[in-house]
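Bear in mind that the values in this text are calculations on the coordinates, not laboratory data. Here the structure is a predicted model, which means the values were calculated and not measured. Glycine gets a Cβ as well: all are built from the backbone with ideal geometry, and neighbour counts include every protein chain shown.
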């Protein structure tokens, strides 16, 4: 029972921290540059090519509407938490 209480408290604290910081961090110009660099590193494409791509344009548009996306992201996280997806996977990893 204490694990479930601990999970619920952790989920509540995480959701609050996520809301407080995610919009600010997502809208920060450095997040776009980090995103571009990460994709460039993973794919071998040039950062200039990635910056001019449609996904990059979508990322910039999303940055301007971050408040809308924070709620969508939080709902996905909460749905995963409600199904105990993470704790189930965590337990499975250590039971082996």
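Things worth noting here:
- Pick from region 1-20, criterion touching a helix residue (DSSP H, G or I) at 6+ places or on another chain (Cβ under 8 Å) and surrounded by 11 or more Cβ atoms within 10 Å (Cβ to Cβ), ranking: farthest from residue 88 (Cα to Cα): 19
- Unique residue being on the phi < 0 side of the Ramachandran plot, touching a residue at least 40 places away in the same chain (Cβ under 8 Å) and touching a helix residue (DSSP H, G or I) at 6+ places or on another chain (Cβ under 6 Å) when the list is 23, 36: 23
- Which listed residue, of 94, 59, is exposed (fewer than 10 other Cβ atoms within 10 Å of the Cβ) and part of a helix (DSSP H, G or I): 94
- When we screen 65, 84 for residues that are surrounded by 10 or more Cβ atoms within 10 Å (Cβ to Cβ), within 13 Å of residue 7 (Cβ to Cβ) and out of contact with any strand residue (DSSP E or B) (no Cβ under 9 Å at 6 or more places or on another chain), the only hit is 84.
- Residue list for region 65-91, restricted to those being assigned to a helix (DSSP H, G or I) and in contact (Cβ under 8 Å) with a residue 12 or more places away in the chain: 66, 67, 69, 70, 73, 74, 77, 78, 81, 87
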